[in-house]
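Beneath this line is the structure, given in structure tokens, with notes to follow.
The values are calculated or read from the model by the stated rules, or taken from the named source; none is laboratory data. Since the model is a prediction, treat every value here as computed from it, not as a measurement. All Cβ positions, glycine included, derive from the backbone under ideal geometry; neighbour counts span all protein chains shown. Only protein heavy atoms, including side chains, enter the accessible area calculation; ligands, DNA and RNA are left aside. Shrake-Rupley method; radii C 1.70, N 1.55, O 1.52, S 1.80 Å.
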Amino acid sequence: VGNYKRTVKRIDDGHRLCNDLMNCIHERARIEKVYAQQLTEWAKRWKQLVEKGPQYGTVERAWCAFMSEAEKVSELHLEVKGSLMNEDFEKIKNWQKEAFHKQMMGGFKETKEAEDGFRKAQKPWAKKLKEVEAAKKAYHAACKEEKLAISRETNSKADPALNPEQLKKLQDKVERSKQDVLKTKEKYEKSLKELDNATPQYMENMEQVFEQCQQFEEKRLRFFREVLLEVQKHLDLSNVASYKNIYRELEQNIKTADAVEDLRWFRANQGPGMSMNWPQFEEWSADLNRTLSRREKKKASDGVTLTGINQTGDQVSQPNKHSSSLSVQSNTVQSVQPSYNPFEDEEDTGSTVSEKEDNKIKNVSSYEKNQSYPTDWSDEESNNPFSSTDANGDTNPFDEDTSPAMEVRVRALYDYEGQEQDELSFKAGDELTKMENEDEQGWCKGRLDNGQVGLYPANYVEPIQ
């Protein structure tokens, strides 16, 4: 009696298992989404690095094919995520809603119906079982009383102190207890017989309700099997034609990589086969005041360049961007720039080889394919300290270039990523030291706290008060 509750509880467990299966699918869908996002981010980042890196030709295309593969696989995993949530998850949710109906007082209608059915089928038999238990208890008590009465009677016969009346009472007690045993035994046997007669009907009624519960559970089990098979189909990308095509195409792209073709391309575009720009005679141009690029301003030509000439001789030349506030009267004022040192970039940076390697590791994309290389050269001893214009006394003694620059601490307003090797990279909020004032192109020279020296846009920083 009451053991049907295990079967009734299975209905509540079925509802809970639906929730568990939905949570299981939801977590897998979230994993698919995160994996797809990571693939996309990885592909985007490395595609930029490879495109800006030194790799070229067919091997570059083969390398980039991996990023294309990641993007396509990412799309497939997003489709898997969509299928799991939009189809499988929703299917379970709708089936659960249709199969289980909540009641106003709590619990499910199916659970209450099953419990009422079992209780109704068991009630008559449980009542008779209760009668049997009572009859058995009465019979056993009568037997115990009979045994006690017989024992007292036997002991009284050996006791001479008892009078005949007392002995008679004990004998009567034995007779009554024997009659009680017969009555209770008859009643016990009768109730057992009635219980046995009611058992077949009881079993039939109970099995009828149990089969209804079995049918309900069978629907859930078959539904779960169906859903799990659909989930398996959605997760199994090996049977998706487009998935196989992705790796077939990746293999073809890798096999098309041709070292001979890449070497031929490099020879034609970056080697002896490229179009040459041999020096030719050039006429003098009146446009002497053309704007120099930052690169051209940074590099000086050999010899002395006259940038300001006073024609009248009685006026003071205007100081250029490197001159101080003081001015010197002379018939001819010349602004002299020292000869260009081909090793100037390495010396100015002030960074060791290890620091440069660290910078390359931190940002692979700092190496660009269109990176310009220094083409200045000279077979003359332009770096001879004794041939410097300083020896001739032609330089302006008040020029700031000849005196140590006043260093100013500044703070970055925005992030800046150096586009060339002589440019600094920093984040908004970083502090650095300005070594030279802004030039005509809006660039300043500065030094980071790690000792790296380079150029940066002047409007990207502000002085630290």
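Before moving on, here are some points about what is shown:
- Looking at 146, 153, 165, 189, just one residue is assigned to a helix (DSSP H, G or I) and at pLDDT 90 or above, and that residue is 189.
- Test for residue 179: is it assigned to a helix (DSSP H, G or I), touching a residue at least 12 places away in the same chain (Cβ under 8 Å) and open to solvent by 50 Å² or more (accessible area, probe 1.4 Å): no
- Selection status of residue 321, open to solvent by 60 Å² or more (accessible area, probe 1.4 Å), at pLDDT 90 or above and not hydrophobic (A, V, I, L, M, F, W, C): no
- Answer from 39, 17, 84, 78 - the residue that is closer than 25 Å to residue 242 by Cβ and either open to solvent by 40 Å² or more (accessible area, probe 1.4 Å) or acidic (Asp, Glu) (or both): 78
- Filter pass, residue 428 being of a type in the set (Gly, Ala, Ser) and surrounded by fewer than 18 Cβ atoms within 10 Å (Cβ to Cβ): yes
- Pairs meeting the criteria (first residue in the range 165-176 and closer than 13 Å to residue 154 by Cα and open to solvent by less than 100 Å² (accessible area, probe 1.4 Å), second residue modelled with pLDDT of 85 or more and charged (D, E, K, R), beta carbons under 8 Å, at least 6 apart or on different chains) are 174/146.
- The requirement of being among the aliphatic types (A, V, I, L, M), open to solvent by 20 Å² or more (accessible area, probe 1.4 Å) and under 30 Å from residue 270 (Cβ atoms) is not satisfied by residue 50.
- Selected residue (criterion: nearest to residue 42 (Cα to Cα)) from residues of the range 55-94 that are of a type in the set (Ser, Thr, Tyr) and touching a helix residue (DSSP H, G or I) at 6+ places or on another chain (Cβ under 6 Å): 74
- On inspection, residue 226 qualifies as within 30 Å of residue 74 (Cα to Cα), open to solvent by 80 Å² or more (accessible area, probe 1.4 Å) and at pLDDT 50 or above.
- No other residue among 90, 113, 98 is open to solvent by 50 Å² or more (accessible area, probe 1.4 Å) and at pLDDT 95 or above apart from 90.
- Scanning the range 202-218 for residues that are surrounded by fewer than 13 Cβ atoms within 10 Å (Cβ to Cβ) and in contact (Cβ under 8 Å) with a residue 60 or more places away in the chain yields a count of 1.
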